[in-house]
There are 2 protein chains.
Amino acid sequence: MTEDLSRYLRAVGHNARAAARILGRAETAIKNRALLTIASTLEAEAAALIAENGKDLEAGRAQGLDDAMLDRLGLDQRRIRAMAEGLREVAALPDPVGEISGLRYRPSGIQVGRMRVPLGVVAIIYESRPNVTADAAALCLKSGNACILRGGSEAIHSNRAIAARIRAGLEAAGLPVDAVQLVATTDRAAVGELLRLDDCIDVIVPRGGKGLIERVVAESRIPVIKHLDGNCHVYIDDRCDADKAIRIALNAKTQRYGVCNAMETLLIAEAVAPRLLPELARRFRDKGVELRGCPRTCALIPDCLPATEADWDTEYLAPILAIRVVADLDMAIEHIHRHGSGHTDAIVTEDYSRARRFLREVDSSSVMVNASTRFADGYEYGLGAEIGISTDKLHARGPVGLEGLTTQKFVVLGDGQIRE
Amino acid sequence: MTEDLSRYLRAVGHNARAAARILGRAETAIKNRALLTIASTLEAEAAALIAENGKDLEAGRAQGLDDAMLDRLGLDQRRIRAMAEGLREVAALPDPVGEISGLRYRPSGIQVGRMRVPLGVVAIIYESRPNVTADAAALCLKSGNACILRGGSEAIHSNRAIAARIRAGLEAAGLPVDAVQLVATTDRAAVGELLRLDDCIDVIVPRGGKGLIERVVAESRIPVIKHLDGNCHVYIDDRCDADKAIRIALNAKTQRYGVCNAMETLLIAEAVAPRLLPELARRFRDKGVELRGCPRTCALIPDCLPATEADWDTEYLAPILAIRVVADLDMAIEHIHRHGSGHTDAIVTEDYSRARRFLREVDSSSVMVNASTRFADGYEYGLGAEIGISTDKLHARGPVGLEGLTTQKFVVLGDGQIRE
């Protein structure tokens, strides 16, 4: 069985590699036609998709999945339409492949520039939400990459149904169907086998819980675009506009709780804490947010729970907020350096030099002035869609869209130049 | 002893991390001043450096190092001047750190762009040539990265002498001396310890033989910018200019033999092979190059040795050239795809569409039209200097200069915007 699995995944890898070569030189119009065909097919065959999804939901209920997981798993007309719209949006984005930039003459007479090209084969390992099947395939297709999709076993019927429509769309457009392959087995050992295919796969994108990501990083010999913690901060400076500070702090924490770009710790300058914290506390309490503060915070907000050292390092993903009063910008930057996860951090200030320092000195994938951390997102940044948010520094940092799925090679144009 | 070593390298890592934070926000003028001071000091103290280098040479001779290695190891006035000039050139390059690009308004009202920032801490593991100590330190310093240098034991006195001048220059400029640290021990276990410091080091650059690089890739949990084989091709198309074809083929092979961007296999279209190969063979023989050809090549060049399948995959780094007659561009691209190493490949043609296809379809870090593969080099490309040539696809591909030692974070400027 394990040998069969290994052989099967090796075949998937080789098929992907062969498809990638063809897809890598496919014309933009043909890739777009495939995307639009798939979008229409998904909408036209919504009833069949919903029926297949029903099997997953039934199995999920039998297995005792909780309501939140069942909700993520479910497909309905609205979600299928959203999936189709996502494909159309990717079709509308400019094709990154083949773009040549910076082509300049050198003293030797050669012209040197860079051409953007696909990475090759991208493997995506994900959990529950079946729309990832369409989103990830669309981004890979547009960026000229073949993809290997490994969805969760709980969504296997839905993922198969979606993948079949994607492959039909590829075929109709004259593109290789193996440009998008869904791993057909729910055998858990398949992930381990994928991680060993370093001659067939150029990059792995795990999307899911921390356990999955840590396993992939530990086992993989293939480069990983990964997303770890989002322990995000908002620092309210004493030279802030109070209205903006309150609006941003509330939005960053309460617009959605279970997301990586939600604020987890609020830092506030001591000079404005007495004026702003009571008001903020009232507003957070109205939203049902539990507050945990440093001693100075607790002195200003009578019913605030005392924060422990562990609170500064926790990504709650829940209606809980840690609050710390800091002396100044230096202490805020130091706190973020020590406790942050390098995801997204924001300052609220009207002071030009402090804004500039915060942007330069805070080493996170997104740094913001007077905006909610919730904006750290591929759509909001104009990338069109995202395959994930990277907390790595190399290659791709922050929201990863089409560009993060490509690389650049050097192109040299000459007239017979040789090196002396 | 191993525990001591482990503790020592952990301290080196922590010192580098602390120095990186300060260096990352250092002003351009101060970094440049340090570089220029170091350049002057190296020149002024050339006699002392040559004396220290003498100890390495003596030990090397006693250990029986061959002449080529002793030559690479040696320092004289000319080489020290070249090292100082290298530092001045890096000082003259634009500072990449802090550059903001693509700052655009989004429909939400926020402005989103990207700021170029240092990676943090770079470890470079290298062999024999002591000038790498100065080159690598200069590139890291300018790009705002702290570096940990692990040179070969055969150059330890020279490297220590150079590193001491670099640290003095940092101190004189008011920068942290630990921004450049040379690993003080020649214990071979030190490399293994470095590779485990994934919380202190952001990227490892191994520069040396294949054995070193493969070991680093296998053991490291830290991202590696690596350079593997340079099995480079020149394809002479039947629509080429014959003079350019001969000039480029000769230069690509014979300008220097032991370099990664030298041609190792010549591909030639069958329609021009009878006309060009005899002339090329004569010219190569004059330079003392051994030729190994496919059967059709051997038929055209009487004294050509027959090539085996292994020849197509070999990076000779020597005056040996494999030659293959191919039917057309398709077969040339297929040969490069199967046997190439993705380093540098060139086409010689006057045909517009074939040039365009070669550039797009050959998946190498440098693709060239009518230019010698020997141009694949940081200086020739205008990067100013290079820390290496990457044969990876992710992050940096091809010659890696200051830009490859940096990453980009998103910056968001707002006026109190929140996400609806």
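What to note about this one:
- Per-peptide packing, taken as the mean over residues of other Cβ atoms within 10 Å, places B:399-409, B:20-30 in the sequence B:399-409, B:20-30 from highest down.
- Placing +1 on the Cβ of every Lys and Arg and -1 on the Cβ of every Asp and Glu, with no other charges, gives segment B:95-242 a dipole of roughly 320 debye about its Cα centre.
- Space enclosed by the convex hull of the alpha-carbon atoms of the protein assembly as shown, per residue, Å³: 177 Å³
- With Cα atoms, 0 to 90° folded angle of helix A:131-142 axis to chain A main axis: 60 degrees
- Across identical copies of the chain, B:ALA318 has label-point separations of 6.7 nm, listed in ascending order, with the point defined 7 angstrom from Cα along Cα→Cβ.
- Amide H within-cut-off set for B:ILE236, under 5 Å, with H built and near neighbours excluded: B:LEU267, B:ILE268, B:ALA269, B:VAL348
- Whole-percent pair-distance distribution, where bins are 10 Å wide, for the alpha carbons of segment A:237-370: 13, 48, 36, 3
- Secondary structure note: in chain B, about 30% of the DSSP beta bridges are antiparallel.
- Helical contribution to [θ] at 222 nm, DSSP H n ≥ 4, -39,500 (n - 2.57), averaged over chain A, rounded to 500: -14000 deg cm²/dmol
- Model label sites at A:ASP330 and B:ALA271, defined 7 Å from Cα along the beta-carbon direction, differ in position by 7.4 nm.
- Under the Debye formula (equal points on every Cα, no solvent term), log10 I(q)/I(0) of segment B:296-384 at q = 0.13, 0.18, 0.26 Å⁻¹: -0.51, -0.95, -1.42
- Amide H contacts under 5 Å for B:VAL180, placed H, 5+ residues apart: B:CYS147
- Nearest-first distances (nm) between copies at A:ALA11, label 7 Å from Cα via Cβ: 5.9
- Calculated label separations, B:ALA242, copies of the chain, 7 Å along the beta-carbon direction, nm: 8.8
- Helix B:28-44 vs. chain B, principal-axis angle (Cα, 0 to 90°, nearest 10): 80 degrees
- Counting DSSP beta bridges with both ends in segment B:69-212, the antiparallel % (nearest 5): 25 percent
- Euclidean distance of C-alpha centroids, segment B:251-306 and segment A:130-179, integer Å: 46 Å
- Cβ-Cβ distance of B:ILE100 and B:ASP303, R₀ of 56 Å, FRET efficiency by 1/(1 + (r/R0)^6): the value works out to about 0.35.
- Relative compactness, segment B:121-162, computed as alpha-carbon Rg over 2.2 N^0.38 Å: 1.07
- B:MET263 long-range amide H proximity, modeled H, under 5 Å: B:LYS253
- In chain B, the beta-carbon sitting nearest the axis that superposes B on A belongs to the residue given here with its distance in angstrom, B:HIS395, 2.
- Counting Cβ atoms of other protein chains within 10 Å of each residue's Cβ and taking the mean over peptide A:393-405 gives 4.
- Axis of helix A:273-286 versus longest Cα principal axis of chain A: the two differ by about 60°, to the nearest ten degrees.
- The count of lysine pairs in chain B that are at least 8 places apart or cross chains, and whose C-alpha atoms lie under 15 Å apart, stands at 5.
- Each Lys and Arg adds +1 at its Cβ and each Asp and Glu adds -1 at its Cβ; summed about the Cα centre, the protein assembly as shown shows a dipole of about 880 debye.
- Using θ = phi - 60° in the Karplus curve 6.51 cos²θ - 1.76 cosθ + 1.60, the 3J(HN,Hα) couplings for segment A:357-366 round to 5, 4, 4, 6, 8, 7, 9, 10, 5, 10 Hz; x is entered for Gly and Pro.
- Under the shape rule built on the C-alpha gyration tensor, where the axes satisfy a ≥ b ≥ c, chain B is oblate, since a/c reaches at least 1.5 while a/b does not exceed b/c.
- Highest average packing first - B:117-124, A:310-317, A:246-253, Cβ atoms within 10 Å: B:117-124, A:246-253, A:310-317
- Dipole of segment A:344-392, positive direction: furthest Cα of A:TYR352, A:ALA371, A:ALA385, with charges on the beta-carbon: A:TYR352
- Cα shape, segment B:1-157, gyration tensor, a/c 1.5 rule: prolate
- Evaluated at q = 0.17, 0.18, 0.27 Å⁻¹: base-10 log I(q)/I(0), Debye formula over Cα of segment A:1-62: -0.92, -0.92, -0.94
- ³J(HN,Hα), Karplus 6.51/-1.76/1.60, whole Hz, each residue of segment B:321-327, x for Gly, Pro: 9, 8, 10, 9, 7, 10, 5
- Computed from backbone phi, the HN-Hα couplings of segment A:68-83 come to 5, 5, 4, 5, 5, 6, x, 10, 9, 3, 5, 5, 5, 4, 4, 4 Hz, rounded to whole numbers (Karplus: 6.51 cos²θ - 1.76 cosθ + 1.60, θ = phi - 60°; Gly and Pro given as x).
A short reminder: the numbers here are calculations on the coordinates, not readings from a lab. Here the structure is a predicted model, which means the values were calculated and not measured. Cβ atoms come from the backbone with ideal geometry, glycine included; neighbour counts cover every protein chain shown.
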